[in-house]
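Everything below concerns the one structure shown next.
The values are calculated or read from the model by the stated rules, or taken from the named source; none is laboratory data. This one's a predicted model, so the numbers in the text were calculated from it and none came from an experiment. So basically every Cβ, Gly included, is an ideal-geometry build from the backbone, and we count neighbours across all protein chains shown.
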Amino acid sequence: MRKAGFVCRVAVLTLSGVFLTACVTAPREENLFQALGGQEGINVIVENFIMAIARDERVIDHFAVSNVERFRSMMREHLCFIADGPCEYTGDSMIDTHVGMGVTEGDFNAIVEDMMAAMNQAEVPIGTQNRLLSRLAELRGEIIYR
Amino acid sequence: MTKTNLTLFGSALLLLCMPLAAHADGRIKGTGGVSSISGAGGGGLTPWAVLTSHSTREEWGGSVFLTTANVDDFTLDVAGAGFNYKDRIEVSYARQNFTIKANDARISQDIVGLKYRLAGDLLYGTVPQIVIGAEHHSLRDPATARAVGARKTHGTDVYVSTARAWIDGIANRTTMLNVNLRYSTANQFGLLGHGGDDMGSRLHLEAAAGVFLTRSLVVGAEYRHKSDNLSALNEESATDVFVAWLPSKRFSVTAAWVDLGEIAGAADQTGFYLSIQGTL
């Protein structure tokens, strides 16, 4: 009986130790900006993204009157900002940018797919892709049907 | 109608709708799920709060599927189709052929499903996707159900279902959770009719979880509570562990290990499940 109690206590202590160690040593998630390869990595993604949009017949019309230079620099800034990088986003709000464009949920998803393709091309691991995509997804309400 | 005929029928129906659904690709791959054994977008053993195909509120879409489940003493073959109108209403149909291996006896059943999206979105915003649905079962071979003491040879299940996918979920993989609450008097998915002399709970909980290992590969598990309504036969809950491969928005293959518990006196019915789905 006593022996069983001892074994039990050791087991509980060991388990607690394992959990505590797990908590203490759980790696803090790397800063997303760094995980994306810093500004250099983001710039590659933005270039791939612009090319993917240019090839995407579903959405290219929305960009017909866009100034590509400004889109490029604002995207670089915005992604850096969203990924907790050392940037301020100096562009217009998402609502102001998209008002009157009539972006549908299908258009938004097409852009999401273009972003996935851009990140695949840049060989961004899927976990890092998802960290960025989940933050971009939060902007959807400010973008569609404006 | 034979299974082949049924499949042809389903395919023809979908072909007819092709012009309408020609570009129903507006949602992210996987958000339409696969086809459950009732024909409703799911899930395998249960429907989920997703509407089949990838159509958005501006589009129509549809899917056809073939499924086989092979457990120790029985096989279940299913063929069917689902239609999605503007990601708001789903109509589905499935023909189930249940075979008792020992004597090659067959029970055939039709299931017509209706699903309405009440609120929310699987992927976006603060509200998870919530649907209500109904599944009407009607036995084409009612003799067995009558023999085992079922009250009716047809019946309608009603369910509320909610689903959420977190893009950045477990281990930074997109992770989906689905919970259904079903009102049902069905015996063994309706294959042994509805109701009995020893009614169990009419409210059933169903749950499913899945993780996208990649954009094309999902692993997960499902649980479906079932009631034991017949004093003559024992009925147990069903579970499965699945892997689904979605190489494109057009096609998916789902393989699973299923545990259907005791069926018609045969205990521990476990085996494999395979489903292929084509989507427009």
Test result for residue B:150, in a loop (DSSP other than H, G, I, E, B) and farther than 21 Å from residue B:49 by Cβ | yes
Output the residues belonging to the stretch A:89-112 that are free of Cβ contacts under 8 Å to residues at least 12 places away in the same chain and within 14 Å of chain B (Cβ to nearest Cβ).
-> A:109
Answer yes if at least one residue in the stretch B:189-206 is touching a Leu at 6+ places or on another chain (Cβ under 8 Å), closer than 20 Å to residue B:167 by Cβ and either modelled with pLDDT of 95 or more or in a loop (DSSP other than H, G, I, E, B) (or both), and no otherwise.
-> no
Please enumerate the residues belonging to the stretch B:193-239 that are more than 14 Å from every other protein chain (Cβ to nearest Cβ), over 18 Å from residue B:180 (Cα atoms) and of a type in the set (Val, Ile, Thr).
-> B:219
Can you tell me how many residues in the stretch B:26-40 are farther than 19 Å from residue B:81 by Cβ and within 10 Å of the chain's Cα centre (by Cα)?
-> 0
Got a number for residues in the stretch A:60-88 being more than 30 Å from residue B:86 (Cβ to Cβ), in a helix (DSSP H, G or I) and touching a residue at least 40 places away in the same chain (Cβ under 8 Å)?
-> 3
Evaluate the following for residue B:110: is it crowded, with 19+ Cβ neighbours inside 10 Å and free of Cβ contacts under 8 Å to residues at least 12 places away in the same chain?
-> no
Could you tell me whether any residue of the stretch A:70-87 is within 14 Å of chain B (Cβ to nearest Cβ), among the hydrophobic types (A, V, I, L, M, F, W, C) and within 18 Å of the chain's Cα centre (by Cα)?
-> yes
Can you name the condition, by its number, that residue A:120 falls short on among (1) outside any helix (DSSP H, G or I); (2) free of Cβ contacts under 8 Å to residues at least 24 places away in the same chain?
-> (1)
Considering only residues that are within 12 Å of another protein chain (Cβ to nearest Cβ) and of a type outside the set (D, E, K, R), look in the stretch A:113-123 and name the one that is surrounded by the most Cβ atoms within 10 Å (Cβ to Cβ).
-> A:119
Could you check how many residues of the stretch B:79-131 are within 14 Å of chain A (Cβ to nearest Cβ), touching a helix residue (DSSP H, G or I) at 6+ places or on another chain (Cβ under 6 Å) and assigned to a strand (DSSP E or B)?
-> 0
Only residues that are more than 8 Å from chain B (Cβ to nearest Cβ) and either closer than 16 Å to residue B:125 by Cα or surrounded by 19 or more Cβ atoms within 10 Å (Cβ to Cβ) (or both): list them for the stretch A:124-134, please.
-> A:124, A:129, A:132
Examine the stretch B:167-176 for a residue that is within 22 Å of residue B:32 (Cβ to Cβ), at pLDDT 95 or above, in a strand (DSSP E or B) and not hydroxyl-bearing (Ser, Thr, Tyr), and state whether such a residue exists.
-> yes
Residue ID - nearest to the other protein chains (Cβ to nearest Cβ), chosen from residues in the stretch B:176-186 that are in contact with a Lys or Arg (Cβ under 9 Å, 6 or more places away or on another chain) and of a type outside the set (D, E, K, R) = B:176
Please tell me if residue A:76 is basic (Lys, Arg) and either over 30 Å from residue B:170 (Cβ atoms) or at pLDDT below 95 (or both).
-> yes
Would you please name the residue that is farthest from the chain's Cα centre (by Cα), looking only at residues in the stretch B:51-78 that are surrounded by fewer than 24 Cβ atoms within 10 Å (Cβ to Cβ) and in a loop (DSSP other than H, G, I, E, B)?
-> B:58
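Looking at B:160, B:131, can you tell me which residue is surrounded by 15 or more Cβ atoms within 10 Å (Cβ to Cβ), of a type outside the set (Asp, Glu) and free of Cβ contacts under 8 Å to residues at least 40 places away in the same chain?
Going through B:160, B:131 in turn, the sole match is B:160.
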